[in-house]
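Each value in this text was obtained by applying a stated rule to the coordinates, not by laboratory testing. Remember, predicted model here, so these are calculated numbers, not experimental data. Note that each Cβ is placed from the backbone with ideal geometry, even for glycine, and that neighbours are counted across all protein chains shown.
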């Protein structure tokens with residue numbers, strides 16, 4: 001199988017919270033796969049395809065949680081694939097550091 005992803009993925013294990021755009025209800029999950037383009041969020045309650053979300057995650061070296069905008073691009077019973085929206089410099093730097101070889 002050929003991987004056509006633009007960015008290199010890295011395995012991670014970080015607790016995250018996510019919220020549907022326009023809602024205040026935060027749900028919990030675990031990020032298990034990360035790149036500058038997106039992540040897989042393991043969750044018992046994945047959101048439907050094309051749902052706009054904000055992912056909140058605290059990463060080592062950061063004082064405050066990152067707030068990362070995204071869209072659900074695919075889902076399955078145990079989670080969902082999130083494609084990131086526009087990232088700021090802080091988010092880009094933190095993700096780059098987490099995905100370094």
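The table below lists the values:
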{"item": "Helix-only mean residue ellipticity at 222 nm for the chain, each DSSP H run of n ≥ 4 adding -39500 (n - 2.57), per residue, nearest 500", "result": "-3000 deg cm²/dmol"}
{"item": "Cα Rg over Rh - region 12-64, Kirkwood", "result": "0.95"}
{"item": "Proxy reagent accessibility, fewest Cβ within 10 Å first, across 21, 100", "result": "100, 21"}
{"item": "Radius, Kirkwood style, for region 10-98 when every pair of distinct Cα atoms is counted (Å)", "result": "12.7 Å"}
{"item": "The chain - percent relative contact order, Cα under 8 Å, separation 6 or more", "result": "25 percent"}
